[in-house]
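The structure appears right after this line, and notes come after that.
The values are calculated or read from the model by the stated rules, or taken from the named source; none is laboratory data. Only a predicted model underlies this, so the values are computations on that prediction, with no experimental measurement involved. Note: ideal-geometry Cβ built from the backbone for every residue, glycine included; neighbour counts use all protein chains shown. Ligands, DNA and RNA are excluded from the accessible area calculation, which covers all protein heavy atoms including side chains. Shrake-Rupley method; radii C 1.70, N 1.55, O 1.52, S 1.80 Å.
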Amino acid sequence: MAQEDVQDLNAAELESLLAPFFAEKLEEHNVPGAVFIMVKDGEVLFANGYGYADVEQQIPYDATETIIRGGSTIKPITALAVMQLAEQGKVDVHADINQYLTSFQLPDTFAEPVTLHHLLHHTSGIDSKFSNTRVDTISELEPLGAFLARELPERVAPPGEIRNYNDFGIALAGLVVEEVSGMTFAEYAEQNIFAPLQMNDTWMIVPESEVPRMANGYTAVSGRVEPNLVGNYLLNTAPGAAYNTTAMDLGNYMLAYLQNGRFGDTQIVQPESMAELQRTQFQHNPHMPGMAYAFDEVYQNGYRLLAKSGGAPGTNNRMVLIPEENVAFFVSYNRHHGRLHNDLTNLIMDTYFPENGEPTFDTAVSTDLAPYTGYYREHIGYSATTFEKISGIGNQIQVTANENGTLNMFGRELQSVGDGLLQRTDNGDYVAAGKDSVGKQYLFFARTAYERLPWYETMPVQLGLLLFSLVVFVAAIVFWLWGVRHGAGNGRILGAIIGLANILFIVGFALFFMNLTGSGEPPWLIEYGMPQQLVVLLAIPLITLALTVVFVGLTAVNGFNHQLGTMQAIMNILIIFGCTAFYFFLYTWNLIGYHA
């Protein structure tokens with residue numbers, strides 16, 4: 001039931017609330033500008049820009065004129081296209097998508113086939129990656145089928161079990177739209193969604209004549225903001241991650257979602273189809289929020305929200321629907337700073353849709369917590385099969401047991417309230433434990449899955465292996481230098497070369513990784529593919545691996561012939577162990593060879 005405070009939600013009140021918020025937050029977080037729109041009860045309630053869309057030319061944000069890069073907020077548009085075709089009987093969202101694909105076929109890695117239903121709420125089990133998706137010029141864009149036939153990641157999990165957010169999965173749904181409709185996705189979206197909804201300033205690729213209207217993207221560099229994206233953001237996974245629009249156009253789109261698929265005199269889909277788009281389609285556990293088709297389900301202040309975020313270099317967007325109150329809003333910033341979304345959503349919800357009642361807490365039960373402790377890896381953005389996996393080494397969390405019979409996760413205390421079900425003692429949110437059909441152990445928090453890691457992949461073990469290797473490699477160099485000084489270094493040079501080359505790789509890769517992730521923004525650079533410096537760096541372990549094989553052979557032969565002194569034998573064995581630990585580390589993180 002609506003709160004009485006909702007009656008105060010009008011344009012004048014909203015303007016007086018948002019003006020000081022944006023003035024403060026844009027300055028506090030060094031963000032050049034933002035644009036906001038809210039729709040309510042079938043019409044645009046309020047729309048306004050704040051700050052600058054282009055700092056250099058002092059062009060202010062404007063809700064009608066400024067073109068923004070929508071990023072992943074296109075995913076619900078792709079879901080809408082799929083539902084239109086389903087409504088016409090041209091696709092079955094629960095059928096094997098291979099029956100619609102002509103460019104290629106998904107392998108039968110698992111017994112259960114991948115369906116559009118899985119793709120639209122990110123449970124297809126297809127691996128995730130950023131690399132090899134972005135191009136600089138329109139002429140470099142490929143047909144969607146040809147691109148996905150070459151670049152679609154492997155199937156790494158059974159479908160329908162674990163949510164792993166994935167641009168490629170939605171792009172694959174976009175390919176089904178192409179195959180079934182006989183149009184490119186851009187043509188289909190223009191004719192069947194953008195035009196009927198009068199989204200006249202929405203394009204997959206902005207025409208050259210309209211590019212000056214586009215907001216610049218910005219990155220903070222040494223305390224100042226610098227433009228990092230001007231013009232179109234071109235992705236081969238466009239149905240999952242790239243289009244361009246205005247706040248006012250998205251107002252029309254949100255109105256259709258809130259009005260049972262109707263905008264003006266246009267019925268974009270039937271009410272039953274719109275209800276299906278917004279229905280809870282997947283949950284890791286019945287006690288926690290799940291996914292609608294391409295929207296995240298969020299519960300806040302007792303309300304069910306449907307939220308979708310999306311970004312591009314220097315751009316950060318969020319769309320929020322509150323269907324119960326027939327209200328929706330969209331905001332876009334031209335610098336990547338996710339906290340602003342939460343601040344704005346909290347402000348609007350707490351002002352106009354305040355909490356109704358206190359959270360409830362279940363009765364704690366005594367249980368063995370040992371099966372839940374350990375190191376976990378968040379699945380969102382995790383790539384199991386490419387070099388991007390290395391980012392997961394720093395994204396591990398440790399779950400520990402407290403002396404009072406509770407668990408500690410994210411610094412929060414969890415009590416056991418039933419078989420495999422935990423509850424935070426501060427706010428009542430649930431965390432659930434479970435396994436997938438291949439036996440992997442997970443903790444589920446909201447819509448996110450955290451996979452429990454085997455001991456050998458945990459951060460302490462992996463960093464321990466790397467540190468041990470580094471010490472051995474330094475020792476190999478010192479041992480050779482000591483031998484040279486004392487006239488006995490020639491037989492030790494191969495171990496020193498291996499050690500020196502591997503140290504150069506470790507230092508070089510560390511610098512590369514810090515440069516890639518140091519801005520705090522997503523690593524947009526690798527969208528172009530494996531960076532050239534990484535290509536060069538990854539050649540080093542391949543060379544040293546070959547040299548290590550030779551080194552092992554020479555050690556064995558010389559040892560058999562009693563041509564090794566005691567110190568030399570000990571050092572050689574240490575080098576072999578150090579190299580083994582090092583190559584196991586590289587193998588774990590897909591850094592032996594080129595995995596893009």
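Descriptive notes on the structure:
- Volume per residue that the Cα convex hull of the range 129-168 spans, once the total is divided by residue count, Å³: 86 Å³
- With all protein chains kept in place, the per residue accessible area of the range 233-298 amounts to 29 square angstrom at a probe of 1.4 angstrom.
- Neighbours of GLY394, meaning other residues whose beta-carbon lies under 15 angstrom from its beta-carbon, give a summed charge of -1 when Lys and Arg score +1 and Asp and Glu score -1.
- Trypsin sites (Lys or Arg not before Pro) within the range 447-555: DSSP coil, no more than 11 neighbouring Cβ in 10 Å: none
- 18 Å cut-off, amide nitrogen to a point 7 angstrom out along ALA401 Cα→Cβ, residues in the range 328-364: 364
- For the cross-link pairs LYS40/LYS90; LYS389/LYS435; LYS25/LYS389, the ones whose C-alpha atoms lie over 29 Å apart are LYS40/LYS90; LYS25/LYS389.
- Only one residue of LEU516, GLN532, SER437 has its Cα farthest out toward the positive end of the dipole of the chain, where Lys and Arg carry +1 and Asp and Glu -1 on Cβ, and that residue is GLN532.
- Classification of the range 191-288 by its C-alpha gyration tensor yields an oblate form. The axis ratio a/c (a ≥ b ≥ c) is 1.5 or more, and b/c is at least a/b.
- Förster radius 35 Å - calculated FRET efficiency between TRP455 and ILE543, Cβ distance, rounded to 0.05: 0.70
- Span-like helix ranges in the chain, DSSP H, alpha carbon extent 15 angstrom or more, Kyte mean at least -1.0: 11-28, 75-87, 167-181, 247-258, 339-352, 459-485, 493-517, 532-560, 566-588
- Each Cα pair under 8 Å and six or more residues apart adds its separation to the average, and for the range 1-137 the resulting relative contact order is 12 percent.
- Charge-dipole axis of the chain as Lys and Arg at +1 and Asp and Glu at -1 on Cβ define it, positive-most pick from VAL399, LEU17, GLY182: VAL399
- The modelled label-to-label distance between ARG150 and ASP362, using points 7 Å beyond Cα along the C-beta direction, is 5.0 nm.
- The Cβ shell under 15 Å around SER103 holds other residues with a net charge of -3, Lys and Arg each +1, Asp and Glu each -1.
- Of the chymotrypsin sites (Phe, Trp or Tyr not before Pro) found in the range 72-137, the ones in coil according to DSSP and having at most 15 other Cβ atoms within 10 Å of their Cβ are PHE104.
- Charge dipole (Cα centre; +1 on Lys/Arg Cβ, -1 on Asp/Glu Cβ; no other charges) of the chain amounts to roughly 2780 debye.
- Rolling a 1.4 Å probe over the protein heavy atoms gives the range 505-548 an accessible area of 47 Å² per residue.
- Value of Rg/Rh across the range 364-501 [Cα atoms, Kirkwood radius]: 1.23
- In loop segments of the range 41-130 as defined by DSSP, the trypsin sites (Lys or Arg not before Pro) with at most 16 further C-beta atoms inside 10 Å of their C-beta are LYS90.
- Where N is the number of residues in the chain, Cα Rg divided by 2.2 N^0.38 Å: 1.09
- Inter-probe distance in nm under a simple model that places probes 7 Å from Cα toward Cβ, at LEU17 and THR580: 6.4 nm
- Within the range 137-239, the proportion of Cα pairs with more than 24 Å between them is 41 percent.
- Charge tally in the Cβ shell below 15 Å around ASP62, where Lys, Arg are +1 and Asp, Glu are -1, ASP62 excluded: -4
- Solvent-accessible surface of protein heavy atoms, probed at 1.4 angstrom with all chains present, puts MET291, MET248 in the order MET248, MET291, largest first.
- Over the residues of the chain, the helix contribution to mean residue ellipticity at 222 nm works out to -11500 deg cm²/dmol, using -39500 (n - 2.57) for each DSSP H run of at least 4.
- Per-bin percent of Cα-Cα distances, the range 443-557 [10 Å]: 11, 28, 33, 18, 8, 2, 0
- Modelled spin-label separation between TYR528 and LEU554, with each label point placed 7 Å from Cα along the Cα-to-Cβ direction: 4.0 nm.
- By accessible area with a 1.4 Å probe, ligands and nucleic acids excluded, highest first: order of ARG279, ARG163: ARG279, ARG163
- Normalising the average separation of contacting C-alpha pairs (under 8 angstrom, six or more residues apart) by the number of residues puts the relative contact order of the chain at 15 percent.
- Relative to one another, the C-alpha centroids of the range 129-196 and the range 245-288 are positioned 21 Å apart.
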